[in-house]
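The values are calculated or read from the model by the stated rules, or taken from the named source; none is laboratory data. Given the structure is predicted, the values throughout are model-derived calculations rather than measurements. Cβ sites come from the backbone with ideal geometry, for glycine too, and all protein chains shown count toward neighbours. Just so you know, the surface numbers come from the protein's heavy atoms only, side chains and all, with ligands and any DNA or RNA stripped out. Shrake-Rupley method; radii C 1.70, N 1.55, O 1.52, S 1.80 Å.
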Amino acid sequence: LEATALQNGGNIALDTETRNDLLTHPYWSTYAKCVVQFRYRQWRDDDDFLVDYVGHGMQGAWAAYIFEQNSPTGRGLVYANNGNYWRSRLKGMAWIAVYEVQWKIGPASEASIGNSGLNTYFTPRVHGRSTNETGFQDFVDTPVVGFWWNVGEDAMDRFVMPHIWSRTHNKLILSALFPLTPCKALANVLRFKPLYYRDFPITPLR
């Protein structure tokens, strides 16, 4: 709920069109129209590469880490090539898929609050056809890229962070290193923990 509120709040605060649509269109009928007009049979949603494969990947990893925080069997796991680890992270990927469906077409989504898919238009950014900026792509790339982004941050905790923690426990320095694991850091903020917090001890490699 906090993650969804943060994303919707950002869209409302930063996007004039979102604010205008939210204030001028009837909620339920417009939402239903957006869901019906969503281009489920088209792959591209006409966003650029960074949005589709970096931004949505980070969104997926962030959702997976929230899932792991609330998983008694998953939150204490570090990167390891064994069944327990991969089962936990695959469950996280399934949660990303659920989260993304809600985010795109759910009752608190880009379709309902942002009215994504309502208008079809031509833009120089999309050549040769019109767009309403929807497509099936994000239902796939968010969980898949998010899964591997999450594994990558787990690997960072396994192989890099122990060397840093062995040299310093300064809270300001550890907080400043949040770009090494940005999705874990953001998920920590939502549970009111420090950016560098972990549910397991980070110990130096032997």
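Cβ-Cβ below 6 Å, separation at least six or inter-chain, first residue in the stretch 147-166 and closer than 14 Å to Tyr85 by Cβ and in contact (Cβ under 8 Å) with a residue 40 or more places away in the chain, second among the hydroxyl-bearing types (Ser, Thr, Tyr) and open to solvent by less than 40 Å² (accessible area, probe 1.4 Å): which pairs?
Qualifying pairs under 6 Å: Glu153/Thr181.
For the subset of the stretch 158-206 comprising residues that are surrounded by fewer than 18 Cβ atoms within 10 Å (Cβ to Cβ) and charged (D, E, K, R), which member is farthest from Trp62 (Cα to Cα)?
Restricting to residues being surrounded by fewer than 18 Cβ atoms within 10 Å (Cβ to Cβ) and charged (D, E, K, R), the top hit is Arg206.
Would you point out the residue of the stretch 1-21, among those that are of a type in the set (A, V, I, L, M) and surrounded by 11 or more Cβ atoms within 10 Å (Cβ to Cβ), that is farthest from the chain's Cα centre (by Cα)?
Within the stretch 1-21, the first condition is being of a type in the set (A, V, I, L, M), and the residues that meet it are 1, 3, 5-6, 12-14.
Keeping just the survivors that are surrounded by 11 or more Cβ atoms within 10 Å (Cβ to Cβ) gives 3, 5-6, 12.
Numbers: Ala3: 9, Ala5: 13, Leu6: 11, Ile12: 18 Å.
Looking at residues that are of a type in the set (A, V, I, L, M) and surrounded by 11 or more Cβ atoms within 10 Å (Cβ to Cβ), I get Ile12.
Mind counting the residues in the stretch 42-65 that are open to solvent by less than 20 Å² (accessible area, probe 1.4 Å) and either hydroxyl-bearing (Ser, Thr, Tyr) or at positive phi (or both)? Break it down stepwise before answering.
Taking the stretch 42-65 as the starting set, the residues that turn out to be open to solvent by less than 20 Å² (accessible area, probe 1.4 Å) are 45-46, 52, 56-57, 59-61, 63-65.
Applying the additional criterion that residues be either hydroxyl-bearing (Ser, Thr, Tyr) or at positive phi (or both) yields 46, 65.
Counting residues in the stretch 42-65 that are open to solvent by less than 20 Å² (accessible area, probe 1.4 Å) and either hydroxyl-bearing (Ser, Thr, Tyr) or at positive phi (or both) gives 2.
I'd like the residue in the stretch 1-51 that is assigned to a helix (DSSP H, G or I) and among the acidic types (Asp, Glu) and, out of all such residues, is nearest to Phe139 (Cα to Cα). So that I can check it myself, show each step before the final result.
Going residue by residue through the stretch 1-51, those that are assigned to a helix (DSSP H, G or I) are 2-14, 16-24, 27-37, 49-51.
Filter once more, keeping what is among the acidic types (Asp, Glu): 2, 17, 21.
On the way: Glu2: 21, Glu17: 24, Asp21: 24 Å.
Applying the filter and picking the extreme gives Glu2.
Which one of Ala61, Ala111 is in a loop (DSSP other than H, G, I, E, B), touching a residue at least 40 places away in the same chain (Cβ under 8 Å) and small (Gly, Ala, Ser)? Walk me through how you get there before you give the answer.
Details: Ala61 fails: in a loop (DSSP other than H, G, I, E, B).
Result of the check over Ala61, Ala111: Ala111.
Could you look through the stretch 66-82, keep only residues that are out of contact with any helix residue (DSSP H, G or I) (no Cβ under 8 Å at 6 or more places or on another chain) and open to solvent by 50 Å² or more (accessible area, probe 1.4 Å), and pick out the one that is nearest to Asn188 (Cα to Cα)? Full working, then the answer.
Residues of the stretch 66-82 that are out of contact with any helix residue (DSSP H, G or I) (no Cβ under 8 Å at 6 or more places or on another chain), as a first pass: 70, 72, 76, 81-82.
Add one more test, that the residue is open to solvent by 50 Å² or more (accessible area, probe 1.4 Å), and what stays is 70, 72, 81-82.
On the way: Asn70: 12, Pro72: 16, Asn81: 25, Asn82: 26 Å.
The residue in question is Asn70.
Which of the residues spanning the stretch 64-98 are in a helix (DSSP H, G or I) and among the hydrophobic types (A, V, I, L, M, F, W, C)?
Once the filter is applied, which keeps residues that are in a helix (DSSP H, G or I) and among the hydrophobic types (A, V, I, L, M, F, W, C), the stretch 64-98 yields Ala64, Ile66, Phe67, Trp86, Leu90, Met93, Ala94, Trp95, Ile96, Ala97, Val98.
Of the residues Arg39, Arg89, which is farther than 20 Å from Ala185 by Cα and either in contact (Cβ under 8 Å) with a residue 60 or more places away in the chain or among the hydroxyl-bearing types (Ser, Thr, Tyr) (or both)?
Values: Arg89 fails: farther than 20 Å from Ala185 by Cα.
Answer to the selection: Arg39.
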